[in-house]
Amino acid sequence: DAGVIQSPRHEVTEMGQEVTLRCKPISGHNSLFWYRQTMMRGLELLIYFNNNVPIDDSGMPEDRFSAKMPNASFSTLKIQPSEPRDSAVYFCASSPGAISEAFFGQGTRLTVV
Amino acid sequence: QKEVEQNSGPLSVPEGAIASLNCTYSDRGSQSFFWYRQYSGKSPELIMFIYSNGDKEDGRFTAQLNKASQYVSLLIRDSQPSDSATYLCAAFLNTGTASKLTFGTGTRLQVTL
């Protein structure tokens, strides 16, 4: 398996634009996590899905952020409109389930100017 | 109170010494615990996991768990310059219907020559 695949690896966009980050989890994993990492706040859990269903989105900073998982092999995190304070590295991770480690993708470095 | 807390460091140890990294967690229902290593600009990668009280050893690494004190630690023996990285502690909670993996902010370790 190729591991968790994220795209794009880097994204530079202007304030106010819509940004969509994509993730393909490892096949067979039933939990998917979206994290945001910044120097100031570390690795923050934004939302996680179990069997494609959003379970807890309390970490989503505000309504500008939304996430979907239309099927077991694809998830998106969308920011609309984007703001400079959204600049961070966004990681997607997947896990086989109970008492299991999470495998991380390579991350998307987002810069909003 | 943060769900998982770590000292941000940096923790500086000389080459060949033992590095001791500590972590506390707030949710007594947490079932398993993970230590991830993250090099600058890279994604987190798993070092060790532990879910039973006591010690678990793997090569130069020993994870220790004390559920009564809600405390997890990672010992690195014979520290090498290549161990210099940020170490992230994570707690995994399985509610029966879903799983959640929460990270601390990480401790930066510097191994000096």
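For chain A, the longest piece that avoids every one of the trypsin sites (Lys or Arg not before Pro) found in DSSP loops with at most 11 other C-beta atoms within 10 Å covers A:42-113.
For the protein assembly as shown, the solvent-accessible area with a 1.4 angstrom probe is 48 square angstrom per residue.
Going through segment A:7-50, which GluC sites (Glu not before Pro) have at most 15 other Cβ atoms within 10 Å and a DSSP loop state? Within segment A:7-50, the qualifying GluC sites (Glu not before Pro) (loop, at most 15 other Cβ atoms within 10 Å) are A:Glu14, A:Glu18.
Only the Cβ atoms of Lys and Arg (+1) and of Asp and Glu (-1) were treated as charged; on that basis the dipole of the protein assembly as shown about its Cα centre amounts to roughly 80 debye. Please report the spacing between the Cα centers of segment B:55-113 and segment B:1-44 in Å, no decimals. Result: 5 Å between the Cα centres. Taking label positions 7 Å along the Cα-Cβ direction at both A:Ser66 and A:Met40, the computed distance is 2.7 nm, reported to one decimal. Summarising the overall dimensions of the protein assembly as shown from its C-alpha atoms, the Rg and Dmax are 17.5, 51 angstrom. Taking the square roots of five times each eigenvalue of the Cα gyration tensor of chain A, the equivalent ellipsoid has semi-axes of 23, 14, 13 Å, listed largest first. Phi angles across segment A:68-73 convert, under the Karplus curve 6.51 cos²θ - 1.76 cosθ + 1.60 with θ = phi - 60°, into 3J(HN,Hα) values of 9, 9, x, 8, 5, 10 Hz, Gly and Pro given as x.
Once Rh is set to the Kirkwood radius over Cα pairs, what Stokes-Einstein translational diffusion coefficient, in µm²/s, holds for segment B:22-113 at a temperature of 4 °C and a viscosity of 1.567 mPa s? D, rounded to a whole number, is 95 µm²/s. Within segment B:15-77, the trypsin sites (Lys or Arg not before Pro) that combine a DSSP coil assignment with at most 16 other C-beta atoms in a 10 angstrom radius are B:Arg28, B:Lys42, B:Arg60, B:Lys67, B:Arg77. Measuring how big segment B:1-76 is from its alpha-carbon positions, Rg and Dmax come out at 12.8, 37 Å. Along the Cα-to-Cβ line of B:Ser52, 7 Å from the Cα, sits a label point; which residues in segment A:70-113 have backbone N less than 20 Å from it? Under 20 Å, as judged by backbone N against the label point of B:Ser52, lie A:98-101 of segment A:70-113. Treating each Cα of segment A:4-68 as an identical point scatterer and ignoring solvent, apply the Debye formula and state log10 I(q)/I(0) at q = 0.22 Å⁻¹. At q = 0.22 Å⁻¹ the computed log10 ratios are -1.16.
The calculated FRET efficiency for A:Val12 paired with B:Asn7, based on their beta-carbon distance and R0 = 30 Å, is about 0.30. Among the chymotrypsin sites (Phe, Trp or Tyr not before Pro) found in segment B:1-98, those both in a DSSP coil and sparsely packed, with 16 or fewer other Cβ atoms within 10 Å of their Cβ, are B:Tyr39, B:Tyr51. Legend: residues A:Ser73, A:Ser94, sorted from most to least accessible area (1.4 Å probe; ligands, DNA and RNA excluded), read A:Ser73, A:Ser94. Only protein atoms count toward the accessible area here, which uses a 1.4 Å probe; on segment A:4-113, the carbon and sulfur part of that area reaches 50 percent. Here the dipole of segment B:17-58 is about 140 debye; that uses its Cα centre as origin and unit charges on the Cβ of Lys and Arg (positive) and Asp and Glu (negative). Using +1 at the C-beta of Lys and Arg and -1 at the C-beta of Asp and Glu, which of A:Gly3, A:Ile55, A:Val113 has the Cα lying farthest in the positive direction of the dipole of chain A? Of the candidates, A:Gly3 comes out farthest on the positive side.
Ordering B:Ile47, A:Ile5, A:Ile79 by accessible surface, largest first, gives A:Ile5, B:Ile47, A:Ile79; the 1.4 Å probe counts only protein heavy atoms, with every chain in place.
The values are calculated or read from the model by the stated rules, or taken from the named source; none is laboratory data. Predicted model only: the values in this text are computed from it and were never measured. Here Cβ is always computed from backbone atoms with ideal geometry, including for glycine, and neighbour counts include all displayed protein chains. These area figures cover heavy atoms from the full protein model, side chains too; ligands, DNA and RNA do not enter into them. Shrake-Rupley method; radii C 1.70, N 1.55, O 1.52, S 1.80 Å.
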